[in-house]
Amino acid sequence: MSDLPRKALSRTAKLASLPLGAAGRATLGLGKRIGGAPAEAVMAEFQRRTADQLFSVLGELKGGAMKFGQMLSLMESAMPEEFAAPYRATLTKLQDSAPPMPAATVHTILSRELGKRWRDRFTEFDDKPAAAASIGQVHRGVLKDGREVAVKLQYPGAAEALRADLRQLGRFARTFGTMVPGLDMKPLIAELQERIGEELDYDREAQAQQQYADAFKGHPEFLVPRVVKHSPTVIVSEWIEGRPLSSVIADGTQQERDEIGLKYVRFMFSGPRLAGLLHSDPHPGNFRVLEDGRLGVVDFGLCARLPDGLPPAIGQLLRISLNGDGAAVLEGLRAEGFIKPRMEIDPDQLMDYLAPFAEPARADTFQFSRAWMREQANRTGDFRSPNASLALRLNMPPSYLLIHRVWIGGIAVLSQLEAKAPFREVLEEFLPGFTDED
């Protein structure tokens, strides 16, 4: 592949092939069933082929298509198991890999961003990428002073591809829903469209990464690589070696799952207090388990700026909901802008809807699982359910968009890990307002 595919018509045709290809395979499956093949075998083959095409198209296109695939991989724990299983391995690939751009393109970018003599900075530079994702890829190098570094480069044309893909995916949102049952695509795509500028600004990302690195310097549980140099489309930072979190999800022991799940939550909740930032891209591809047991964190392209930490209202309302005071929760949400002034909502129904958000904090130790996640998705996703109609009546204030994304995404990752740990302790330590008694 010579470059990130840029032509709008070409990208549109490839994205359109996903739902159309799925329909074609469904028709083929019907023919096989008429011919006598078992229905279960036909469905398994249909799902396998659809998963293969999903990775092939989204991975090749990168850009918004790849980012969309990464978000799907994050939420597969909410899908019914009979649909999730064929997609799980395929979507996991999207968390850590994509077809690379050629060495000549890499050299051109580095010459432009670091100067024509950029190679003089390195004793070693690997032209083969160590990782490739939605809008950039990472190369491993060794600086003249002996430091191993990660060189992250943005794909040429990434901005145009992101915007074009997300417009096209928005048109196909309903059709994609038939490929991945139980998941509402529109909010996922809308969230991506909201954050395009932040994802593309590597200067902003480098500043956030260094802010985290300073805040967690010498931390016994976490490692954030320090930034060496950056430009609008290149970030050079310290290299970290570790096992991808996705591999722990795939084959980790229960002890590993529990320990990493707890560290994952501690990192997410401690960031706003220690760094004034919330890491807002919680998918497993951004985390590494280091040999010494620490959790390494990479990719800070999406961070919520919270210089005063998390809003105390979150902890206060969570505590009040655990106490069962629906009327107080209703008024608190109205004060924060989640419920518009003249919107009438039944407090008991509201408490039922919010129960899954509060449940992990109710006991000293909580067990996340895919089964639990699917149960919660069914409670709020069934259009016949009162919870589904209530969800449509709630409002999401802009200041809470990324916080909500991390909360939901984090729960999805913990459900993939099937982690059991004392998560309430983390809330008591790091969530403002949770232990208040006023």
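For the range 261-316, dividing the convex hull volume of the Cα atoms by the residue count gives 89 Å³ per residue.
Hey, with R₀ at 35 Å, roughly what FRET efficiency would residue 229 and residue 343 work out to, going by the Cβ-Cβ distance, to 0.05?
Plugging the Cβ-Cβ distance into 1/(1 + (r/R0)^6) gives 0.10.
How big is the equivalent ellipsoid of the range 203-334 along its three axes, where each semi-axis is √(5λ) from the Cα gyration tensor, reported in whole Å from largest to smallest?
30, 21, 12
How about the range 348-438: which trypsin sites (Lys or Arg not before Pro) there lie in a loop by DSSP and see at most 10 other Cβ atoms within 10 Å?
Working: sites: 362, 370, 374, 379, 384, 393, 405, 420, 424; in loops: 384.
Passing sites in the range 348-438 are 384.
How much of the accessible area of the range 301-424, in percent, comes from carbon and sulfur atoms when a 1.4 Å probe is used?
Carbon and sulfur: 55 percent of the exposed surface of the range 301-424.
Average 1/r across all pairs of distinct alpha carbons in the range 271-412, invert it, and you get the Kirkwood radius: 16.9 Å.
Computed over protein heavy atoms with a 1.4 Å probe, the accessible surface of the range 196-326 works out to 37 Å² per residue.
The values are calculated or read from the model by the stated rules, or taken from the named source; none is laboratory data. Since we're looking at a predicted model, the values are computed, not measured. With ideal geometry, Cβ positions are generated from the backbone for all residues, glycine too; neighbour counts draw on all protein chains shown. Surface accessibility is based on the protein's heavy atoms, side chains included, excluding ligands, DNA and RNA. Shrake-Rupley method; radii C 1.70, N 1.55, O 1.52, S 1.80 Å.
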